Amino acid sequence: MMRTAINASDDEFVPVAEDDSFEHVAEKKLVNVSKPSRPSSLASKFAANSPSTHAASATRKFETPKLKDYGKKKSFEAENEERYSWLVDVKDADGHPLGHPDYDPRTLHIPKSAWVKFTAFETQYWEVKSKMFDTVVFFKKGKFYELYENDADIAHSEFDLRLAGGGRANMRLAGVPEMSFDHWAASFIAKGYKVARVDQAETLLGKEMREKGGKKEEKIIRRELSCVLTGGTLVDETMLVDEMSTFCVAIKEWTSETGTPNFGICFVDTATGAFSMTEIEDDADYNLFQTVVAQLRPKELILEKGCISSLAIRIIKNSTSPGTLWNYLKPRVEFWDEDIAFEELSRGAYFPAENLDDHTNWPEILKTVTEKPLALSAFGGLLWYLQWLKIDKELVTLGNFSWYDPVRMATSLVLDGQSLQNLEIFANSFDGGDQGTLFRLLNRCITPFGKRLLKTWVCHPLRDIGSINARFDAVELLNHSYDLQDTLDKGLASLPDLERLVSRIHAGKCKVKDFVRVIEGFESIYEVIVKLQTEFELGGIIGKLIQNAPPLDECLAQWRDAFDRQKAKSDGLLIPERGVEEDFDCSQDNISRIEQEFTELLRGYKRQFKSQEITYKDSGKEIYLIEVPTRIVSSIPKNWQQLSGTQKTKRFWSPEVRTLVRQMLEARETHKNIVSEMQMRLYAKFDKFYSHWIKAAQLVANLDCLLSLAKTSASLGSPSCRPVFIDDERSMLNFAELRHPCYSSEQDFIPNDILLGGASPNITLLTGANAAGKSTVLRMTCIAVIMAQIGCYVPAANACLTTVDRIMTRLGANDNIFAGQSTFYVELAETKKMLSQATSRSLLVLDELGRGGSSSDGFAIAESVLHHIATHVGSLGFFATHYGTLASSFDGHPEVEPKRMAILVDEEERKVTFLYRLENGVSPGSFGMHVASMCGIDKMIVDDAEIAATEFEHTSQVKKLLETTNDGQFIPLGLQSDFSWLIKLVEGQNDDVSGAHSVHTILKAIDRL
């Protein structure tokens, strides 16, 4: 039996032989049609060019096609009307129609009357598809994967795959060769679809062997759902398009009786099998939750339906790409609570145990997470989803669990989600890409797992001076030793993604060629370690890493001669050396015996028919055909079966050969199973040393990150320097000739000196014209601090600083429509977070605080906030503003120094030349009229605006303030408030003592006054 199928290269149908030739005859007759002349009623309704064609949304979520022309129901043939009505009026498994608030797009309701009329093949297909209606199902049929109905229409509309109609119970279909499944699955996933793969669980021969001597089962090959693939849970290296971690994140939200939001979060990088869990108690603005989401940037989300707040959704949307997959699971039934999650984890047999109460072999994190109900529930939701994807066993059994601390307050510089976005650490504000970001500048890693570790380093810069200097020592060692750097470069260059591939070996789903790459990769690592130990005198971080290397020589010894590597690389086969695997040797011997019998039979036929031209030929699945010349065909016995022939030769099976062919096919099938089992045994043998393999990969990742920092440090241009960290009671930042490191050309960038704290005031009150470069100065200072505390040189002539515990930024103007919050509200909410969390070791950046309100309100709030930070908090930072008169309120304040961005002004032409130089003083204005003229706004409009600005200033109160200031009789309100505060403190009426810093600062301000 032959059928037609799609050729992946030219998208044409070609005839191929069926593996499942015994299946229903009506399911065989496919026709090569790009446009069926008269498609069935159902087909026309789901045709790619019909009004009811499926169309993916902007986020590429699967949408059930809704048929508009219900009049077409009447055209259904009588016998098919009942069969297909459930595809016309789509309902989920619970009977909810499209548009119902409880409609579940994952399921499809098929009435019992329809199941009765299905063929065996249809029953097999719809049993799978009805449970995953929002997923594109690739159904194995012989040597092809086929897509039916809605899925076929998607394939046609998205990728122009041709459609076939007729046969197969009136289903439209498209197909791709089995060898190109990875390509097509990745293509669908890239478009935002989920992909399910249904494979044949046996071949035709396997089915016959299974039924031999027993009762025959249904006349159809067994098929099973192998896996479900989604953009956030890919595990196969061939489908992964990004070397960075891709996270699938489950989020459990709960609000306490006091209104405090709490979150349990569990996420997994399925490519490496690494699980992380955390539980946080947040503030009303969800700041900590925002930090976690900004750090992870999830690719796929698992949420509890009806239990996630609108503010949480808004934060997630702001920190993820439009292609992120959102999955809403039913509470308790799918998104398990902590009790069900614990039970399922116990019953899942993921770790060796004597009984359900034996948790001895559980990872330590899972033993302790039982005391964290929200985190355990989040893990429960993720575990259910992984079970549905059929990848839970291969991931959970790795035991790779860790507790995630999003801020690491005790050991790291804290970068919250707002700062990660404002400073463009991982994604720019232009298009969300990595162009111009700090991570792109620093990421010069060679290995994929090195790049992933570097991202963690960037999220959590160090705070301990000793640890920072140790990294700098390693960076200098690498840059001063070309041989050392060259050894690492060459040793790491050929390594595959070992972290990911080791997890594939554990799952038993690693390709043989990749298995060889892994072994050779670890052999390369071992050679590098030996070379570093014998040829270099290493101390510091690098020396400790090499000293703590796992015993790779012991782990690798058994793999040096375990199998034929050349055969594995060329043919993808693991052929063990003789004596290693007894069952393999026996199976191989059996095949050799049958081959010898074929040889002896052929010799006998040559003697019998007196012709040396008789030989064996294979033709497709028909093997060992006896090919004889036409001239002696008359001598061939009648019990020989002719199978094919040409003008010159004919091909036969003799009874003896037919028997041997059957034996050979069965022997090969048995050998195939033995090879598969043997491969699993070898993988399990390798997996026993999983902890050593992962430790070796982590060692290399650390070396790779240090090498990346060394290369970045060497590439910064001139001047650049190693920052000097001091442990002083008073915080300070001192950068001389600092440039923005992400700017492409240092020759065109105007450097500036940054002086904060130490002998200088803590706060710089920065004013300047529009577009004069204020934001650039703010950002480059923060970026320089982050680079310094990661362990990278900075683009400055010299740098001296104390460590910073937290960088907090308030940049730009954003509102929160979802929560009904205005721009001004969001400004003040972010400012409130700063005031509550900042310390004297923090670096704060506030840009244009108060501009969301009226001039008087904004000015008052800006003055009050700046005064509180400078007087009572003592943080370092910049306060950028267009309220030029704000400087008058802090004239003489010991911790506030006014600076401006230098410009040249041409009043006649209304033009401003930006010098991008930071200088002392207060800008005389924002020069908005000049910038408006330079932007091309009509001169008459600008003239009228300038007249209005001159007459009204900001407000009459500001004008009065200016006059008072010029008289020399002005006492800032902040200082008046501080004086009152001091009086109450002396009289014992004020218990709110903020420390000696406040008193010292106030007394200095009074003295200057």
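Highlighted here are the helices (runs of 4 or more DSSP H) found entirely within segment 307-371 that include at least 2 residues which are farther than 19 Å from Phe401 by Cα: 310-319, 338-347.
For segment 653-670, give me the residue count where each residue is out of contact with any strand residue (DSSP E or B) (no Cβ under 8 Å at 6 or more places or on another chain) and crowded, with 18+ Cβ neighbours inside 10 Å.
Going through segment 653-670, the residues out of contact with any strand residue (DSSP E or B) (no Cβ under 8 Å at 6 or more places or on another chain) turn out to be 655-656, 659, 662-663, 666-670.
Narrowing the set further to residues that are crowded, with 18+ Cβ neighbours inside 10 Å leaves 667.
Of the residues in segment 653-670, 1 are out of contact with any strand residue (DSSP E or B) (no Cβ under 8 Å at 6 or more places or on another chain) and crowded, with 18+ Cβ neighbours inside 10 Å.
Exactly one residue among Asp553, Asp618 is in a strand (DSSP E or B) and under 52 Å from the mean Cα position of the chain (by Cα), and that residue is Asp618. Criterion first (in a helix (DSSP H, G or I) and closer than 30 Å to Pro496 by Cβ) does Lys606 satisfy it? No; evaluated as a whole, the condition is false for this residue.
The rows are residues; the columns are (1) under 17 Å from Trp326 (Cα atoms); (2) among the hydroxyl-bearing types (Ser, Thr, Tyr); (3) in the same structural domain as Gly432 (by TED's automatic domain parsing); (4) surrounded by fewer than 20 Cβ atoms within 10 Å (Cβ to Cβ).
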| position | (1), (2), (3), (4) |
| --- | --- |
| Lys252 | yes, no, no, no |
| Asn262 | no, no, no, yes |
| Ile265 | yes, no, no, no |
| Asp269 | yes, no, no, no |
| Phe275 | no, no, no, no |
| Asp282 | no, no, no, yes |
| Thr291 | no, yes, no, no |
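Here the helices (runs of 4 or more DSSP H) wholly within segment 870-989 that include at least 1 residues being within 28 Å of Met834 (Cβ to Cβ) and either at pLDDT 80 or above or of a type in the set (A, V, I, L, M, F, W, C) (or both) are 886-889, 956-966, 973-986.
Selection of segment 250-276 for residues being within 14 Å of the chain's Cα centre (by Cα) and assigned to a loop (DSSP other than H, G, I, E, B) yields Thr270, Ala271, Thr272, Gly273. The number of residues in segment 456-512 being in a helix (DSSP H, G or I), among the charged types (D, E, K, R) and buried (at least 20 other Cβ atoms within 10 Å of the Cβ) comes to 4.
A quick yes/no check of all residues on (1) buried (at least 21 other Cβ atoms within 10 Å of the Cβ); (2) within 19 Å of the chain's Cα centre (by Cα); (3) not in a loop (DSSP other than H, G, I, E, B):
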{"position": "Lys393", "(1), (2), (3)": "no, no, yes"}
{"position": "Gly399", "(1), (2), (3)": "no, no, no"}
{"position": "Met409", "(1), (2), (3)": "no, no, no"}
{"position": "Gly433", "(1), (2), (3)": "no, yes, no"}
{"position": "Arg452", "(1), (2), (3)": "yes, yes, yes"}
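The set of residues in segment 907-946 being under 44 Å from the mean Cα position of the chain (by Cα), among the aliphatic types (A, V, I, L, M) and more than 21 Å from Asn752 (Cα to Cα) consists of Val931, Ala932, Met934.
Taken together, Lys650, Lys685 contain a single residue that is more than 30 Å from Thr456 (Cβ to Cβ), surrounded by 17 or more Cβ atoms within 10 Å (Cβ to Cβ) and out of contact with any Leu (no Cβ under 8 Å at 6 or more places or on another chain), which is Lys650. Take Lys672 and tell me if it is assigned by TED's automatic domain parsing to the domain that holds Ile614, under 50 Å from the mean Cα position of the chain (by Cα), farther than 18 Å from Arg607 by Cα and assigned to a helix (DSSP H, G or I). Yes, satisfied. Restricting Arg631, Arg593, Arg560, Arg607 to those that are outside the structural domain of Leu660 (by TED's automatic domain parsing) and either free of Cβ contacts under 8 Å to residues at least 12 places away in the same chain or in contact with a helix residue (DSSP H, G or I) (Cβ under 6 Å, 6 or more places away or on another chain) (or both) reduces the list to Arg560. For segment 671-682, taking the residues that are polar (S, T, N, Q) and surrounded by fewer than 16 Cβ atoms within 10 Å (Cβ to Cβ), the one that is modelled with the lowest pLDDT is identified as Ser676. The set of residues in segment 105-150 being part of a loop (DSSP other than H, G, I, E, B) and touching a residue at least 60 places away in the same chain (Cβ under 8 Å) consists of Thr119, Met132, Phe133, Asp134, Gly142, Lys143, Glu149. Out of curiosity, is Ile425 aliphatic (A, V, I, L, M), out of contact with any Asp or Glu (no Cβ under 9 Å at 6 or more places or on another chain), not assigned by TED's automatic domain parsing to the domain that holds Cys792 and not in a helix (DSSP H, G or I)? Yes; evaluated as a whole, the condition is true for this residue.
Matching residues to (1) outside any helix (DSSP H, G or I); (2) touching a residue at least 40 places away in the same chain (Cβ under 8 Å); (3) farther than 30 Å from Val516 by Cβ; (4) touching a Phe, Trp or Tyr at 6+ places or on another chain (Cβ under 8 Å):
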| position | (1), (2), (3), (4) |
| --- | --- |
| Arg578 | yes, no, no, no |
| Asp583 | no, yes, no, no |
| Leu625 | yes, no, yes, yes |
| Arg662 | no, no, yes, no |
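The values are calculated or read from the model by the stated rules, or taken from the named source; none is laboratory data. Note that the structure is predicted; figures quoted are calculated from it, not measured. As a convention, Cβ positions derive from the backbone with ideal geometry for all residues, glycine included, and neighbour counts pool all protein chains shown.
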